[in-house]
Structure formats: structure tokens, C-alpha cells
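Chemist: A single structure is presented below for examination.
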Amino acid sequence: MKKIIALAASLFCLTAASFAYNPPVGGEYMYKLTNPEMLSGAASAAGGAEFTIVPSSIVFNPALTAGEQRTVADLSASVLINTNKNDLPRNADESVGFGFQLGLIVPSRYTVFTGTMQGLFADFNDMNLRNSLSLHLGASKEILEKQFYVGMNLYGGFYMGDGSDFTAGVDLGTLYFMQKDLGFLKAPRFGFALLNIGKPLSGYYTYGVKEDEGVPSDGDYPGVLTPRVSFAATLFKTADVSGSFSTDVSFPSLNNAVFDVSYGMTFFDVIQLNTGWSVNILELAEKDYTAPLPSIGLSFKFRINSKKLGKEDWAQSEITPSLAWQELYSGIEVVSLGAKVDLGLADTSAPEIILWDEE
């Protein structure tokens, strides 16, 4: 009985939080602003168009890293530039904001561990995200080889600005790879995640989407209890070029709908070009804002050979620098730079099975 009462109380709190849902403009995008891969379309429960996996992928689906065979280190930083300052009577607007992200994927024999930390400092009046630090720690597992993944995160965040508060909770996710094509759609995959199950923000003030200009409101972002569903597939593939797409829909606090779509192309397995676009229904309905422009990103993969990396298995590794840009709201633009290092080479050969020794 006590467990039932506790569960009912938790659901009541989450439901109450959903009715109070009033994030700042751009609040549902905050986790993708600090990484170029996320900014340009990989912020998806299915891994984006070209299945681009970095440590911060677990923020959108904790199952995404389950197939990683190599240790992966990732570091990125973003600059947000306000080209159209909007000073308010009690709050002067900022000209520049910053963000960073660093993360690590460590596969083990039984599971894959992932950690990612983000800092975002964007105290603009037209995108009032203020200042935050967040940490996600995830574990994922390949249940069926190259077919079905599951994962879970523990997360926590601290928000600073007009008041301060913290958030903490768990994320759950799954990823399913279909074994047959769907007509002309090759290698289709479905992702599902239930995100931000935990304590929402309270007593932390921002300029909310639903409020008049300059009126503070309780911040609640990203939305607590957010289901996210995604589908991705390859449209065409030749020896040198491939093209793919992904689509996502999420329901922050069960009180909004956000649609994401991305398209990506890979050339010679070295160069990757991506674009992504998001539409937030609440923002379009409540504010005189148009949806952000589509983002664009570019990355290059280089193979490095060095015995100075410390382990023989890491002598041949890959480094992938990336760059992305997007214009967000009211003249606020973001430029993001990063680099991912995959230590060692992926094992692509099937295991050799010997039934008896040959003599």
C-alpha cells in the first residue's frame, strides 16, 4: 500500500508540473546547443540521419551507445551571438553566450558506460536560458546483437541566475533495428525514450514562453516526463555516397509537441554533411517567433597512427572534427566546434569458430 501511495504521489507531482509547464524560448533545445553533431541533426532518439553517436547522444536516448566497441572521447564548445539586442527596463540584454560539452564512452564486456557534462551560459532576453551545469551518466546494453538496445541514465543539473535550483532524475530508452527494408527505406530503425523522469525546476525564474515580455515565470526546462519517438532510415547508398534521414517527435511535460527532422550525406566514409530543423508548437502558438532556421554541420574523419596513445590497441584510431551553425531566435546565432576521438579500430569481422583442432 505504501508503494502504491508513493507512486500515486509521484504521478501527481509530475502531472502538476506539466500544467505549470512554461519554459523559456529555446528551453527544449538547450542540450543540443553545445555540440556540433547534436546541433546539426543528431539530437534524435534514433541517432540522427547518419547514426552519429557521441557521448551526449544519451541525453536523447540512453540506449544509443550500446553498440559502441571503442572508447570514445568528445569535446566541444559553442558561442552564441546576439545580433539583435533587446534591452528590457529591468534587465539589459547580453551580447554573447557560451557553452561546452565533454563526454566519454567506455565499453566493457557486459555493458557500455557513458558520461557527458554540459555547461550553458545564455542569459538573453529573447532566449532566456540563463546559466546551467548538467551531468548525465548512462549504462546501455545490446540485448539482441545489432538489433535491440536498451539503456538508462541518471542525471543531475544545477541552474543559476535569477534564483537557483537543481534537477535530478532518470532517463530510459530503447532502440530497435529492423532486419528488413521498408520498401525503398533501407536499414530502418526506431527509437523510443522517456526522458526527464524526476525533480523539475522550481523557484528559478526565466522569461517564459507564455508570459508577456519582461514578466518572470517559474522555469521548467527541459520538460519533465518527456516521451520521445524517432524513426530513421537510409534513402540511398552507393560505394562512395549515402543519404539518410531521421524524424522525431517529443512531448515535453505531456503539454507540448516538438518536431525534429534531419538529413545527412556521407562521402567516401570520410566527409559528413548534415542539416536539421526543429518546430516547437508551443512557441509558435504563444509567441511572435518563427521556428529557427535549419542548422547545417560538416565533419571530417581522419585515421591516426601513433604508438604514443599508450595502448597497443589504440595505435590506430580515428579523430572527427566537426563544425555547425544555426540561427535561432530574434537574431541569436550559435556556432559550435568539436572533435570526437574513437580509440582503436572497430571489430567488423565475424568470430572464427573452431569445432576441433586440426592436426
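The values are calculated or read from the model by the stated rules, or taken from the named source; none is laboratory data. Values in this document were obtained by computation on a predicted structure and should not be read as measured data. Cβ: placed from backbone, ideal geometry, glycine included. Neighbour counts: every protein chain shown. These accessible areas exclude ligands, DNA and RNA; they are computed on the full protein's heavy atoms, side chains included. Shrake-Rupley method; radii C 1.70, N 1.55, O 1.52, S 1.80 Å.
Chemist: Could you please let me know if L64 is more than 21 Å from L154 (Cβ to Cβ), at pLDDT 95 or above and among the aliphatic types (A, V, I, L, M)?
Modeler: no
Chemist: Only residues that are in a loop (DSSP other than H, G, I, E, B), more than 26 Å from V249 (Cα to Cα) and either touching a His at 6+ places or on another chain (Cβ under 8 Å) or at pLDDT 75 or above (or both): list them for the range 276-325, please.
Modeler: Scanning the range 276-325 gives a single hit, K301.
Chemist: Now, a different point. Looking only at the range 130-175, which residues are assigned to a strand (DSSP E or B), closer than 19 Å to F113 by Cα and basic (K, R)?
Modeler: K141, the sole residue that qualifies.
Chemist: Residues in the range 259-270: is at least one modelled with pLDDT of 95 or more, of a type in the set (D, E, K, R) and in contact with a Ser or Thr (Cβ under 9 Å, 6 or more places away or on another chain)?
Modeler: yes
Chemist: Additional query: Consider D126 carefully, then state whether it is in contact (Cβ under 8 Å) with a residue 40 or more places away in the chain, more than 13 Å from the chain's Cα centre (by Cα), closer than 24 Å to G173 by Cβ and open to solvent by less than 20 Å² (accessible area, probe 1.4 Å). Write out each step before concluding.
Modeler: Numbers: in contact (Cβ under 8 Å) with a residue 40 or more places away in the chain: yes; more than 13 Å from the chain's Cα centre (by Cα): yes; closer than 24 Å to G173 by Cβ: no; open to solvent by less than 20 Å² (accessible area, probe 1.4 Å): yes.
The answer is no for D126.
Chemist: Looking at D181, D171, D165, can you tell me which residue is open to solvent by less than 30 Å² (accessible area, probe 1.4 Å) and more than 15 Å from S57 (Cβ to Cβ)?
Modeler: Step by step, each of D181, D171, D165 is checked, and only D165 is open to solvent by less than 30 Å² (accessible area, probe 1.4 Å) and more than 15 Å from S57 (Cβ to Cβ).
Chemist: When you scan the range 229-245, do you find a residue that is in contact with a helix residue (DSSP H, G or I) (Cβ under 7 Å, 6 or more places away or on another chain), within 30 Å of L129 (Cα to Cα) and hydrophobic (A, V, I, L, M, F, W, C), even just one?
Modeler: The answer is no; no qualifying residue exists.
Chemist: Mind checking which pairs have a first residue in the range 99-113 that is under 9 Å from T71 (Cα atoms) and a second that is open to solvent by 60 Å² or more (accessible area, probe 1.4 Å), Cβ under 8 Å, 6 or more apart or different chains?
Modeler: Once the first residue is under 9 Å from T71 (Cα atoms) and sits in the range 99-113, its partners that are open to solvent by 60 Å² or more (accessible area, probe 1.4 Å) give I105/F113; V106/F113; P107/Q69; P107/F113.
Here's the yes/no breakdown for (1) more than 30 Å from S108 (Cα to Cα); (2) among the aromatic types (F, W, Y):
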{"residue": "E145", "(1), (2)": "no, no"}
{"residue": "G161", "(1), (2)": "yes, no"}
{"residue": "D165", "(1), (2)": "yes, no"}
{"residue": "G169", "(1), (2)": "no, no"}
{"residue": "Y207", "(1), (2)": "yes, yes"}
{"residue": "T226", "(1), (2)": "no, no"}
{"residue": "S246", "(1), (2)": "no, no"}
{"residue": "V249", "(1), (2)": "yes, no"}
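Chemist: Look through the range 152-162, keep the residues that are open to solvent by less than 40 Å² (accessible area, probe 1.4 Å) and not small (G, A, S), and return whichever of them is farthest from M127 (Cα to Cα).
Modeler: Looking at the filtered set, the residue picked out is N153.
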